[in-house]
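Take a look at the structure below.
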Amino acid sequence: MAAVLTISSKNYSSWSLRGWLLCRMAGLAFEEEIKPVDDPSTRAELMLLSPSFLVPCLTHGDIKVWDTLAIGEYLNETFPNACLLPTDLKARTHCRAVSGEMHSGFANLRSALPMNIKARYPNFVLWAGAQPDIDRVLAIWRECLKSYDGPYLFGDKPTLADAMYAPVCARFLTYCVKIDRAAQDYCDTIMNLPDMIEWVEAARSEPDAVEELDAEF
């Protein structure tokens, strides 16, 4: 079946990155359809002004799915050998829980550290309200890496959870967030994934800019 993944800016859109990584992890061959950043709905999503996120959107044959978690669940069912969710029930439940937490939470982290792969802010002053979110992310990583022996959150291969937290790794790099050694090793593992390297290179070559995001910092 033909597959098309609709995404927006590779530099700014954390949700697009999650959906794209999930498709790559699943081994799905797909074409990219990129919505321009001057599209009103795209800008609303990037500026966190939209009540819902319709990008990324995966069209696979006659099936259309646009929520990132739903994309992950669909791909896990369609490509079970990719093991986007762990096979063990306890680990699978844990993976769903931490992925859902990322999907629905961490609003302060999102607003304080917007996705911006091309930028670097070595002296960034972190808003105090974002620190509890960062602490919670690090606690999740610490628990998963200890429980499943790494190098990924649920063992020796990336899963749904790694796709969900990959943009956080990029944000920590952009804003030079100080994290412990284990967390830094995990971020390095994610950022060195071939698919992540490809995404970052494409993001850096994007000509478009969202001035409202760049001007804020």
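The values are calculated or read from the model by the stated rules, or taken from the named source; none is laboratory data. As the structure is a computational prediction, the values presented were derived from the model and not from experiment. Note: ideal-geometry Cβ built from the backbone for every residue, glycine included; neighbour counts use all protein chains shown. SASA here: full protein model, heavy atoms, side chains in, ligands and nucleic acids out. Shrake-Rupley method; radii C 1.70, N 1.55, O 1.52, S 1.80 Å.
Below are the figures for this structure:
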item	result
Theoretical FRET efficiency, 1/(1+(r/R0)^6), r = Cβ-Cβ of residue 81 and residue 108, R0 35 Å, to 0.05	0.40
Options 124, 103, 137, ranked by Cα towards positive dipole end of the stretch 89-145, top entry (Cβ charges)	103
Accessible surface ranking that places the most exposed of 77, 206 first, with a 1.4 angstrom probe	77, 206
Choice from 61, 72, 155 showing the highest fluctuation, given a GNM over the chain with Cα pairs closer than 10 Å	61
Restricting the stretch 116-201 to chymotrypsin sites (Phe, Trp or Tyr not before Pro) in coil, as DSSP defines it, with at most 16 other Cβ within 10 Å	124, 127
For the chain, built as a Gaussian network whose Cα springs stay under 10 Å, the top-fluctuating residue of 92, 136, 110	136
Inter-label distance, nm, simple model (7 Å from Cα along the C-beta direction), residue 131/residue 185	2.6 nm
Rg over Rh [alpha-carbon atoms, Kirkwood Rh] for the chain	0.94
Separation of alpha-carbon centers, the stretch 9-35 and the stretch 152-196, rounded to whole Å	17 Å
Kyte-Doolittle mean at least -1.0, axial Cα span of 20 Å or more - DSSP H helices of the chain	89-104, 131-148, 160-174
Largest-first ordering by accessible area, 1.4 Å probe, given options 146, 35	146, 35
When each of 35/64; 35/178; 118/157; 35/118; 146/178; 10/35 is checked by Cα-Cα distance, pairs over 22 Å	35/178; 118/157
